[in-house]
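Okay, structure first, notes after.
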Amino acid sequence: MPFESTISAVPTVLAENDRSKITRWDFEPGATTGWHEHEMDYAVVILTDSTMAYEADGEVTEKQVKPGDSYLRPKGVQHDVKNAGPGPLSFIEIETKP
């Protein structure tokens, strides 16, 4: 079931060139990215303590995250990310262009 939210996460592009794109994402409690699909492989580095919910392929995964946590994801997966915690959630997303 898709996340229900009227609050959108706020992306801020910090740097971009022909090889990569770096974006900071800031979420109020309950905010989501909305359904999207990356055209590039990407890495995420968490900046704040929070609870992150990730929905893809009909499954929701909820995880406690803390500053410095990181993960890699492949391009091409439709998904939505939600701040399921009581405070703000922020992370840096680094996309690598082909």
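For the stretch 1-13, enumerate the residues that are more than 13 Å from E95 (Cα to Cα), surrounded by fewer than 14 Cβ atoms within 10 Å (Cβ to Cβ) and more than 13 Å from the chain's Cα centre (by Cα). Don't jump to the end; show me each part of the working.
Taking the stretch 1-13 first, the residues more than 13 Å from E95 (Cα to Cα) are 1-12.
Filter once more, so that each one left must be surrounded by fewer than 14 Cβ atoms within 10 Å (Cβ to Cβ): 1-2, 4, 6-8, 10-12.
Result: M1, P2, E4, T6, I7.
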Could you grab me the full set of residues in the stretch 38-90 that are of a type in the set (D, E, K, R) and either at pLDDT 95 or above or surrounded by 13 or more Cβ atoms within 10 Å (Cβ to Cβ) (or both)?
-> D41, D49, E55, E62, K63, K66, D69, R73, K75, D80, K82
Taking the stretch 23-32, which residues are surrounded by 15 or more Cβ atoms within 10 Å (Cβ to Cβ) and either within 9 Å of I7 (Cα to Cα) or among the acidic types (D, E) (or both)?
-> D26, F27, P29, G30, A31, T32
Do you know which of the residues in the stretch 14-34 that are assigned to a strand (DSSP E or B) and either under 19 Å from S50 (Cα atoms) or modelled with pLDDT under 95 (or both) is nearest to the chain's Cα centre (by Cα)?
-> W25
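Can you pull out the residues in the stretch 64-92 that are among the hydrophobic types (A, V, I, L, M, F, W, C) and either within 14 Å of H38 (Cβ to Cβ) or not in a loop (DSSP other than H, G, I, E, B) (or both)? Walk me through it before giving the result.
Of the stretch 64-92, the ones among the hydrophobic types (A, V, I, L, M, F, W, C) are 65, 72, 77, 81, 84, 89, 91-92.
Residues satisfying the conditions are V65, L72, V77, V81, L89, F91, I92.
The values are calculated or read from the model by the stated rules, or taken from the named source; none is laboratory data. Note that the coordinates shown come from a computational prediction; the quantities given were computed from them, not determined experimentally. All Cβ positions, glycine included, derive from the backbone under ideal geometry; neighbour counts span all protein chains shown.
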